[in-house]
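The values are calculated or read from the model by the stated rules, or taken from the named source; none is laboratory data. Model, not experiment: these values are computed from the prediction. Neighbour counts are summed over all protein chains in view; Cβ atoms, including those assigned to glycine, are modelled from backbone coordinates with ideal geometry. Each accessible area value is taken on the protein alone, full model and side chains, heavy atoms only, with ligands, DNA and RNA left out. Shrake-Rupley method; radii C 1.70, N 1.55, O 1.52, S 1.80 Å.
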Amino acid sequence: MPRPKEFNPDEALEKAMQVFWHKGYQATSMEDLLTAMSLNRGSLYATFGDKRELFLKAMDLYCTGVGVGSRLSILSRPGPAIPLVHQFLEGMLEFALSDPQRRGCLIANTAMELAPHQTDIAKKVSGRLQHLEDAFFKLLTRAKQNGELDKNKNPRALARVLVTMMQGTIVMIKAGTPAEVVRQTAETVLSILK
């Protein structure tokens, strides 16, 4: 009979996600993970698999937890649609700007670090970005139907612009761009929704 786990796997995965988010995949060593997670090698491998499997699980946690996933429900709330887009994007930017470590976005970081070289990770990143684009598209379609968005505007194209702006401004934040410049960039892009 296997011994019961003497640690909380959810808490350990959260700690691993934080390390990957801060250092990136390549720069994170197994020692970094073992130390952060307070695990021995055997427990880590038995519970999470190898470093790559652990990283993929950490990405999933990010996408459903602290990252976009936890805030995505804003885009499906009832009421006027355009203010919800503003609320969502402003919340995401303030979250990124308030991070003293300037870690950026784990998805954007992964897109730059691993996606060009690993097709399965590229598909995972692309899928997450498509999920966000689809949420924007659905909300912008609603805005158009309700007369909040000009009838000549294309909700799909606008959704792509918003995803691109969001990822780009997150990269700008990570690079140390001043907050006022990031906010001005976001406001300029949001002005196309009028």
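For this structure, a couple of remarks:
- When 175, 135 are checked against the criterion of being within 18 Å of the chain's Cα centre (by Cα), of a type in the set (Gly, Ala, Ser) and more than 14 Å from residue 75 (Cβ to Cβ), 175 stands alone in meeting it.
- Taking segment 82-96 as the range and being touching a residue at least 40 places away in the same chain (Cβ under 8 Å) and open to solvent by 30 Å² or more (accessible area, probe 1.4 Å) as the test, the residues that pass are 86, 90.
- Any hit, segment 139-162, residues being under 15 Å from the mean Cα position of the chain (by Cα) and farther than 22 Å from residue 184 by Cα: no
- Pairs linking a residue in segment 147-172 that is not assigned by TED's automatic domain parsing to the domain that holds residue 103 and hydrophobic (A, V, I, L, M, F, W, C) to a residue that is loosely packed, with under 13 Cβ neighbours inside 10 Å and at pLDDT 95 or above, with Cβ atoms under 6 Å and 6 or more positions apart or on different chains, do not occur.
- Yes/no for residue 126 being open to solvent by 30 Å² or more (accessible area, probe 1.4 Å), at pLDDT below 90 and under 18 Å from the mean Cα position of the chain (by Cα): no
- Within segment 1-47, tally of residues that are more than 19 Å from residue 106 (Cα to Cα) and either assigned to a helix (DSSP H, G or I) or in contact (Cβ under 8 Å) with a residue 40 or more places away in the chain (or both): 12
- If you go through segment 143-194 and keep only what is open to solvent by 60 Å² or more (accessible area, probe 1.4 Å), among the basic types (Lys, Arg), modelled with pLDDT of 95 or more and over 30 Å from residue 101 (Cα atoms), you end up with just 144.
- Residue check, residue 138 in contact (Cβ under 8 Å) with a residue 60 or more places away in the chain and either surrounded by fewer than 20 Cβ atoms within 10 Å (Cβ to Cβ) or among the hydroxyl-bearing types (Ser, Thr, Tyr) (or both): yes
- Test for residue 27: is it in contact with a helix residue (DSSP H, G or I) (Cβ under 6 Å, 6 or more places away or on another chain), open to solvent by less than 90 Å² (accessible area, probe 1.4 Å) and of a type in the set (A, V, I, L, M, F, W, C): no
- Only residues that are over 21 Å from the mean Cα position of the chain (by Cα) and open to solvent by 30 Å² or more (accessible area, probe 1.4 Å) were counted in segment 31-54, giving 13.
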